[in-house]
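Only the coordinates and a few stated rules stand behind these numbers; no lab work does. Model, not experiment: these values are computed from the prediction. Virtual Cβ from ideal backbone geometry, glycine too; neighbours counted across all protein chains shown.
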Amino acid sequence: MIVKFESNSKDIKKGLYLVATPIGNLKDITLRAIETLKISDYILCEDTRVSQKLLKQYEIKGKLISNHKFNEKKNISKIIMLLNNGSVISLISDAGTPSISDPGAILIKECIKNNIQIIPVPGASAVSTAISISGFSEKFFFNGFLPDKKNEILNVLGDLKKINSSIVFFISPKKFNKIIPFLKENFYGRKILICREISKFYEEFIRSEISELNLFEKDLRGEVTVVISENNVKKVSQELSESDKRIIKEMINKFSIKKITNLINQNNKISKKIIYDYCLKLKNEN
């Protein structure tokens with residue numbers, strides 16, 4: 001369906017428009033976004049081939065300017081000149097809201113410096129979509145894309161595990177299996193939601209306890225958004241109470257260390273290692 005508009009370009013504010021585009025299904029675009037793109041003098045986009053599919057769907061014929069991470073800095077002076085001359089320019093990404101893990105931040109800072117008006121046209125976002133269906137805390141931290149190198153990943157995850165809220169990040173599907181051991185190491189006891197191909201034909205949502213997460217037989221395909229739940233694991237006590245010690249002393253010659261450890265651990269939030277070590281100490285004393 002083609003949506004027709006009758007817009008008066010004189011009423012439009014001059015400046016840079018950040019226009020959110022669909023993250024999959026081309027119908028997930030707002031009427032305002034279509035209208036804004038139609039009246040734009042220029043449309044900045046990551047990949048002209050990807051953007052053309054959307055623009056063709058809605059008969060949008062604005063002049064496209066390729067603007068990706070490799071030429072973003074080079075484009076700045078030209079775009080600022082166009083904006084200062086009164087052009088209406090829209091910035092879009094291949095999918096979702098511009099400048100969020102996509103090109104745009106450099107241009108936005110330059111526009112702020114030059115007192116050029118920046119107008120958001122909100123819409124689809126993989127981050128808010130994933131959080132909305134997660135069932136986890138609505139308070140969340142968005143990390144963007146995980147880095148590529150192992151040491152950098154470990155450092156990032158080590159920092160993220162300290163945050164007691166939902167955590168959202170993007171990752172290449174081919175790299176997901178590689179980070180599963182790191183997720184188990186850092187987020188044991190939490191839940192995970194893996195969102196694949198949101199709003200597309202092969203859309204899939206995989207829910208699991210992180211402790212039960214297994215390697216996938218084949219690499220995941222398509223865009224992957226990951227949500228990790230807040231930390232609901234209660235802190236374990238680091239010391240045995242005097243009553244626990246007394247009970248252990250009474251059982252130490254009647255049951256195995258393993259059985260005593262399990263019995264005490266069932267009724268207390270105490271590390272099994274602490275119980276085991278105390279039992280071992282008593283055994284050695286005897």
Check: Over all distinct alpha-carbon pairs, what is the Kirkwood Rh of the stretch 98-166 in angstrom?
Finding: 14.8
Margin query: If you take every residue apart from Y278 with its C-beta less than 13 Å away from the C-beta of Y278, what net charge results, scoring Lys and Arg +1 and Asp and Glu -1?
Written below: +2
Notebook entry, point to check: If you place +1 on the Cβ of every Lys and Arg and -1 on the Cβ of every Asp and Glu, how big does the dipole about the Cα centre of the stretch 9-124 come out, in debye to the nearest 20?
Noted result: 260
Margin query: Nearest 500 deg cm²/dmol is fine: what mean residue ellipticity at 222 nm does the chain get from its DSSP H runs of n ≥ 4 alone, each adding -39,500 (n - 2.57), divided by its residue count?
Written below: -11500 deg cm²/dmol
Item checked: Top positive-direction residue, dipole computed over the chain with Cβ charges, set L55, N143, V88 -> N143
Note to self: Straight-line reach only, C-alpha to C-alpha below 19 angstrom: list the aspartates and glutamates that K283 could link to, leaving out same-chain residues fewer than 8 apart.
What the structure shows: E239, E242, D244, E250
Notebook entry, point to check: Are any of the pairs K73/K175; K113/K162; K78/K200; K53/K161; K218/K269 more than 32 Å apart by Cα-Cα distance, and if so, which?
Noted result: K113/K162; K78/K200; K53/K161; K218/K269
Notebook entry, point to check: How big, on average over all directions, is the shadow cast by the Cα convex hull of the stretch 242-285, in nm²?
Noted result: 2.7
Notebook entry, point to check: Counting every Cα pair in the chain, what percent are over 33 Å apart?
Noted result: 44
Margin query: What is the sum of charges, Lys and Arg at +1 and Asp and Glu at -1, for the other residues whose Cβ falls under 11 Å from the Cβ of N164?
Written below: +3
Check: How big is the charge dipole of the stretch 165-286 about its Cα centre, in debye rounded to the nearest 20, if each Lys and Arg gets +1 on its Cβ and each Asp and Glu gets -1 on its Cβ?
Finding: 380
Item checked: Alpha carbon convex hull of the stretch 127-228, volume per residue in cubic angstrom -> 90
Margin query: Please report the antiparallel percentage of DSSP beta bridges with both residues in the chain, rounded to the nearest 5.
Written below: 45
Margin query: Which aspartates and glutamates, if any, have their Cα less than 19 Å from the Cα of K139, not counting same-chain residues under 8 positions apart?
Written below: D159, E230
Next item on the list: Pick out, from N267, N232, N177, the residue whose Cα sits farthest towards the positive end of the charge dipole of the chain, with +1 on the Cβ of Lys and Arg and -1 on the Cβ of Asp and Glu.
Entry: N267
Next item on the list: Using every Cα-Cα pair within the stretch 9-124, state what percent have a distance larger than 17 Å.
Entry: 48
Next item on the list: At a Cα cut-off below 15 Å, give the aspartates and glutamates reachable from K249, other chains included and same-chain residues fewer than 8 away excluded.
Entry: D277, E285
Checklist line | the chain - charge dipole about Cα centre, Lys and Arg +1 at Cβ, Asp and Glu -1, debye rounded to 20 | finding: 560
